[in-house]
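Just so it is clear, none of the values below were taken in a lab; they were calculated from the coordinates. All of these numbers come straight from a predicted model, not from anything done at the bench. Neighbour counts are summed over all protein chains in view; Cβ atoms, including those assigned to glycine, are modelled from backbone coordinates with ideal geometry.
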């Protein structure tokens, strides 16, 4: 199973935390890898370390030689806490899953429902808040229906 990273936060030294779609926050210290991958020792340079970026939801990248996959952080990192993930990210994941289950690319879904492909991409990544009307169009285009639930705890 692929675990999608949403947020990156740098900590002291060569440690950082990734927040995942399931709400888990995992801490990882790149120093753990220095003996196996000596090139990663370059990350002791704080300026370089802080230049890292979340690469989509797939991992952290510093330059063409230095990166780490989100899955490695999820599987081998230290669990820190669980947080509430904003609904737009969960909705985006549902849109992507429904599209994939329908066997459609973003371009195909764009053609069927009349939503620009770049906007679909932003919706799937949680960068846009869709209207109910937009969600209905997407649901219909993938051969589904829209159901909205409000859970009271």
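Brief remarks on what is shown
- Strands (runs of 3 or more DSSP E) (entirely within region 3-58) containing at least 1 residues that are farther than 17 Å from residue 71 by Cα: 5-10
- Selection within region 57-74 - out of contact with any helix residue (DSSP H, G or I) (no Cβ under 9 Å at 6 or more places or on another chain) and touching a residue at least 60 places away in the same chain (Cβ under 8 Å): 70, 71, 73, 74
- If the condition is being over 21 Å from residue 85 (Cβ atoms) and in contact with a helix residue (DSSP H, G or I) (Cβ under 8 Å, 6 or more places away or on another chain), then region 120-153 contributes 137, 139, 140, 141, 142, 144, 145.
- Some residue of region 25-38 being in contact with a helix residue (DSSP H, G or I) (Cβ under 9 Å, 6 or more places away or on another chain), surrounded by fewer than 16 Cβ atoms within 10 Å (Cβ to Cβ) and in contact (Cβ under 8 Å) with a residue 60 or more places away in the chain: no
- Number of residues in region 1-19 that are in contact (Cβ under 8 Å) with a residue 40 or more places away in the chain, in contact with a helix residue (DSSP H, G or I) (Cβ under 6 Å, 6 or more places away or on another chain) and under 16 Å from residue 76 (Cβ atoms): the value is 3.
- The set of residues in region 93-129 that are in contact (Cβ under 8 Å) with a residue 40 or more places away in the chain and part of a loop (DSSP other than H, G, I, E, B) comprises 102, 125, 126, 128, 129.
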